[in-house]
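Asker: To start, I am sharing the structure in question, which I have written as structure tokens.
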Amino acid sequence: MRFIPTRLHGILDYLVGLIAIAMAIAVPLQGAAFITLICLGLFAVFYSLFTDYELGVIRFLRVRFHLTLDVLFGVVMLVAPSIVDFPPAIHWVVHTIGGLAVVLAFITQIRATGTAS
């Protein structure tokens with residue numbers, strides 16, 4: 001059941017990417033934890049900019065492929081605290097963002113309003 005409109009999904013995409021970047025800076029994290037969150041945040045913003053939905057700047061990636069990247073992003077966020085040394089205080093935040101990204105990918109509409117496919 002896909003009921004989240006792609007416009008709302010796009011807003012959440014940019015928000016999640018910026019939260020990941022802000023969390024790396026605000027906590028402040030160091031080393032691999034810092035690099036991981038910065039790279040994941042930039043990755044989320046980057047592929048959102050290139051998605052063929054209402055908030056995409058260069059509409060290149062289909063929404064279906066974007067949602068696949070969201071699942072990949074979410075899985076990496078879920079696994080990252082087990083691999084990288086994150087402070088225990090933010091484990092739950094990283095896990096929550098990862099889990100929400102995966103769930104959101106499965107409940108977002110596949111076709112954006114006004115797009116070719």
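Asker: Criterion first (more than 14 Å from Leu12 (Cβ to Cβ) and either in contact with a Ser or Thr (Cβ under 6 Å, 6 or more places away or on another chain) or not charged (D, E, K, R) (or both)) does Ile97 satisfy it?
Answerer: Taking the combined requirement at face value, the residue does not satisfy it.
Asker: Follow-up question, since we're still on this one. Scan (1) assigned to a helix (DSSP H, G or I); (2) out of contact with any strand residue (DSSP E or B) (no Cβ under 7 Å at 6 or more places or on another chain); (3) in contact (Cβ under 8 Å) with a residue 12 or more places away in the chain; (4) within 16 Å of Ala105 (Cα to Cα) for the single condition Tyr53 breaks and write down its number.
Answerer: All conditions are met except number (1).
Asker: Please determine, by comparing only the residues of segment 20-53 that are in contact with a Pro (Cβ under 9 Å, 6 or more places away or on another chain) and modelled with pLDDT of 95 or more, which one is surrounded by the fewest Cβ atoms within 10 Å (Cβ to Cβ).
Answerer: Out of the qualifying residues, it is Phe34.
Asker: Can you list residue pairs whose Cβ atoms sit under 9 Å apart, with the first residue in segment 71-86 being of a type in the set (A, V, I, L, M) and the second being surrounded by 20 or more Cβ atoms within 10 Å (Cβ to Cβ) and in a loop (DSSP other than H, G, I, E, B)? Count only pairs 6 or more apart in sequence or on different chains.
Answerer: Ala80/Phe86
Asker: Here's a check for you: in segment 90-104, which residue that is more than 24 Å from Phe3 (Cβ to Cβ) and free of Cβ contacts under 8 Å to residues at least 12 places away in the same chain is surrounded by the fewest Cβ atoms within 10 Å (Cβ to Cβ)?
Answerer: The qualifying residue surrounded by the fewest Cβ atoms within 10 Å (Cβ to Cβ) is Trp92.
Asker: Quick check on Leu8: is it touching an Asp or Glu at 6+ places or on another chain (Cβ under 8 Å) and at pLDDT 95 or above?
Answerer: For Leu8, the condition - touching an Asp or Glu at 6+ places or on another chain (Cβ under 8 Å) and at pLDDT 95 or above - is not met.
The values are calculated or read from the model by the stated rules, or taken from the named source; none is laboratory data. These numbers were taken from a predicted model, which means no experiment stands behind them. Positions of Cβ are generated from backbone atoms using ideal geometry, with glycine treated the same way; all protein chains shown enter the neighbour counts.
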